[in-house]
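**Student:** Pasting a structure here, questions to come.
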Amino acid sequence: MSLLKKIFNLRRQVVAPLLKPRLTQLTTAGVSLRGTARTTAAGYFGGGLEGDLHAEGELWLEPGGHITGHLRGTAFSIEGRVLGDIEATGEVALKDHSTVRGNITAGALLVVPGARFTGLLAIGGDEHSLALNLKSKS
């Protein structure tokens, strides 16, 4: 094995896990919930929810995760599907293959190519807000 490959493998095995946020796995694929959910912990959400979710910590909606209802909280990273509004005081990140059908109100927005969004968008505070009506091409 070449020295370069050894360094790359060492980085992947040792450094990469340290860079990944240590979060709680809130649900996994195959778990479906109904009702209002609340969490104070930052975490991954990989299952399904029919209802509203209030998250005080940052929440990652994993690929395959789906929420039909409103998301309210600090920050969201979406890789799954949301049918409902998202309200965040911080950043909302729409990752590759994510789908959001609903309005987004956030302090900041990151949209990665491949993300789909249909709805109204409001970014920023009261004085310097930006409001858009966007429809992605499907």
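The values are calculated or read from the model by the stated rules, or taken from the named source; none is laboratory data. Values in this document were obtained by computation on a predicted structure and should not be read as measured data. Neighbour counts are summed over all protein chains in view; Cβ atoms, including those assigned to glycine, are modelled from backbone coordinates with ideal geometry.
**Student:** Count, please, the residues in the stretch 76-92 that happen to be small (Gly, Ala, Ser) and buried (at least 21 other Cβ atoms within 10 Å of the Cβ). Before the answer, list the steps.
**Tutor:** Within the stretch 76-92, the first condition is being small (Gly, Ala, Ser), and the residues that meet it are 77, 80, 84, 88, 90.
Next, from what is left, pick out any that are buried (at least 21 other Cβ atoms within 10 Å of the Cβ): 80, 88.
Here the count works out to 2.
**Student:** Looking at the stretch 40-67, I want the residues that are farther than 20 Å from Gly107 by Cβ and have a partner that is buried (at least 19 other Cβ atoms within 10 Å of the Cβ) and among the acidic types (Asp, Glu) with Cβ atoms under 8 Å, at least 6 apart or on another chain. Which pairs are those?
**Tutor:** Hits for this filter: Tyr44/Glu62; Phe45/Glu62; Gly46/Glu62; Glu62/Glu79; Pro63/Glu79; Gly65/Glu79.
**Student:** Output the number of the condition that Ala29 fails; it satisfies all remaining conditions of (1) in a strand (DSSP E or B); (2) of a type in the set (Gly, Ala, Ser); (3) at pLDDT below 90.
**Tutor:** (1)
**Student:** Can you tell me which residue in the stretch 75-110 is nearest to Ile123 (Cα to Cα), limited to those that are among the β-branched types (Val, Ile, Thr) and under 11 Å from the mean Cα position of the chain (by Cα)?
**Tutor:** Result: Val92.
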